[in-house]
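No value in this document is a laboratory result; all are computed from the given coordinates. Source: prediction; values computed, not measured. Using ideal geometry, Cβ is built from the backbone for each residue, glycine included, and neighbour counts are taken over all protein chains shown.
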Amino acid sequence: MDATDCVVVGGGPGGAVLAYLLARAGRRVTLLEARSDFARRFRGDSLAPPVMDWLDALGLADDVLARPHATADAFTWHTPTTAYRIADYSTASTRFPHYVLLPQPEFLGLLTERAAAYPGFRLEMSARVNELVEEDGRVRGVRYRAADGQTRELRAPLVVGADGRFSQVRRMGGFDTEELGAGLDILWFEVPRRDGDPPLSGLDYFAVPGAAIVALGQGATWQLGYIIPTGTVAQAREAGVEPVVALARDRMPWLGDRLDALTAFTDLTLLNVRITRLPSWYRPGLLLLGDAAHVISPVGGNGINIAIADAADAGNTLAPLLAGPRPASRGSSAPESPDPASLDSACREFAVRRRAVSDAEQLSQVRAERGSLDRMERGDPRPVWPLRLAASVPAISRTLGKRTASAIAIPPPTADVLGAPAAR
């Protein structure tokens, strides 16, 4: 049996950020990731301007920008006749007036590399948590199957489940879920990006009567997402890949021979869009954040940003409460624990703050998806009239871009986080 100050389950953006912050604050933290690497295909890669400002405060923004990336200065909705620049991010940040599109493996690799510089950080890959350790009504740690096949037990005052939309920690913790209903699914694929490609805004939605495709620009590729109504993947599979290729060729003819490699439906990756709400994110000794606590739709590209903001708030909240490395008391092999009542109270308050953010985002996404589906079914490729109005008035477009980006409500790092101990 081993012990630490905090176990974070899940090496996605939320888990990696929280582990980095706690390690930087001098706490002992173990990050358990079920996969053997950080490869993530067609996952959230867009870092919002406020997140870049937050990373800058931590001294990480330049490291992010040193990695292969692209930028998106607006969200643009294209019809066959008009391009609507709906959300303009030029005033969302002084230094970062755009979203930064960074492949998720690059971002996770950067965070864990920086976290490894602090003595309290430990990362275990291929570590599959299969049981929560519970005593006296509290979660006291986890049991997991390590990379060598051995089952290990790791104890901590707090376990944080950050293991994504299909969270096993959420399941093992017995948390209730509520599906808000998503109207759209996405069939993803990617093609190489070339120097001569047109300078799109970077977050582009191409609609024609009855169909739509999303284009996300990245450093080396275009990620393309073909929109289908939820529950119609069987019909899409029967139709094959031809409608997807045809729409991409029609709206982005400059892709040319890059679409030739898309020959079978199996070349597409289905993302089942879900919008899931949890009545509670916490029980004694166990906290959820990111998609484990609230599954966010890809609509708006803010799922990764809300997960990072969750972790930023959790880092601020937990760093002063969790015990740093200290000798075990006489007759005990574990370090002293923080006061359970204080930890419980802080976690409940954290959940209340962050649920207000995720609830608002999810309700907005439900409205947006239902509206988009309704317009697809009616054969109208245009955005709804308020968005057309926003696109027609640059000041409104800039205001909408600023509000959309700031809706993630990321708090600045506290002195406990910024006052880091010396790295190794």
All other residues with a Cβ under 10 Å from the Cβ of residue 207 taken together, and with Lys, Arg as +1 and Asp, Glu as -1, what is their net charge? +2
Taking the number of other C-beta atoms within 10 Å as the exposure measure, put 102, 288, 123 in order starting with the fewest. 123, 102, 288
Largest first and in whole Å, give the semi-axes of the stretch 271-314's equivalent ellipsoid, each being the square root of 5 times a Cα gyration tensor eigenvalue. 20, 13, 6
Amide H within-cut-off set for residue 193, under 5 Å, with H built and near neighbours excluded: 221, 222
What one gets for the stretch 169-294 as the Kirkwood radius, inverse of mean 1/r over different Cα pairs in Å, is 16.7 Å
For the stretch 20-121, percent of DSSP beta bridges that are antiparallel (nearest 5) comes out at 90 percent
By how many nm would the segment from residue 270 to residue 399 lengthen if fully extended, with 0.36 nm per residue of separation less the alpha-carbon distance? 43.1 nm
Which one, 296, 396, 308, has the greatest fluctuation when you compute a Gaussian network model over the chain with C-alpha springs under 10 angstrom? 396
Once residue 90 and residue 374 are pulled to full extension, the length gained, defined as 0.36 nm per residue separation minus their Cα-Cα distance, is 99.2 nm
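Could you tell me which of rounded, prolate or oblate describes the stretch 101-212, using a ≥ b ≥ c as the square roots of the eigenvalues of the alpha-carbon gyration tensor, with rounded for a/c under 1.5 and, failing that, prolate when a/b is larger than b/c and oblate otherwise? List each step's numbers first, then the result.
Values: a/c = 3.08, a/b = 1.66, b/c = 1.85.
Oblate.
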Based on Cα positions only, what radius of gyration and what Dmax would you give for the stretch 53-144, in angstroms? 20.3, 65
Based only on other Cβ atoms within 10 Å, what is the fewest-to-most ordering of 78, 294? 78, 294
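Suppose R0 equals 35 Å; then what is the FRET efficiency for residue 250 and residue 179 from their Cβ-Cβ distance, rounded to the nearest 0.05?
0.55
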Answer in debye to the nearest 20: the dipole magnitude of the chain about its Cα centre, from +1 Lys/Arg and -1 Asp/Glu charges placed on Cβ, is 420 debye
Over all viewing directions the Cα convex hull of the stretch 147-223 casts an average projected area in nm² of 10.4 nm²
Dividing the helical contributions, -39500 (n - 2.57) per DSSP H run of n ≥ 4, by the residues of the chain yields a 222 nm value, nearest 500 deg cm²/dmol, of -10000 deg cm²/dmol
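For the stretch 374-424, state the average projected area of the convex hull of the C-alpha atoms over all orientations, rounded to one decimal in nm².
Over all viewing directions, the stretch 374-424 projects a mean Cα-hull area of 7.3 nm².
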Beta bridges by DSSP in the chain, antiparallel share as percent, to the nearest 5: 70 percent
Overall dimensions of the stretch 227-300 as given by Cα atoms, namely Rg and Dmax in Å: 18.2, 56
Ranking of 62, 339 by count of other Cβ atoms within 10 Å, fewest first: 62, 339
Just the Cα atoms of the stretch 30-92: what Rg and Dmax do they give in Å? 16.1, 53
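Can you give the FRET efficiency to the nearest 0.05 for residue 353 and residue 208, using r as the Cβ-Cβ distance and R₀ = 45 Å? Before the final figure, lay out each step's value.
Numbers: r = 41 Å, r/R0 = 0.92.
With R0 = 45 Å, the Cβ-Cβ based efficiency is 0.60.
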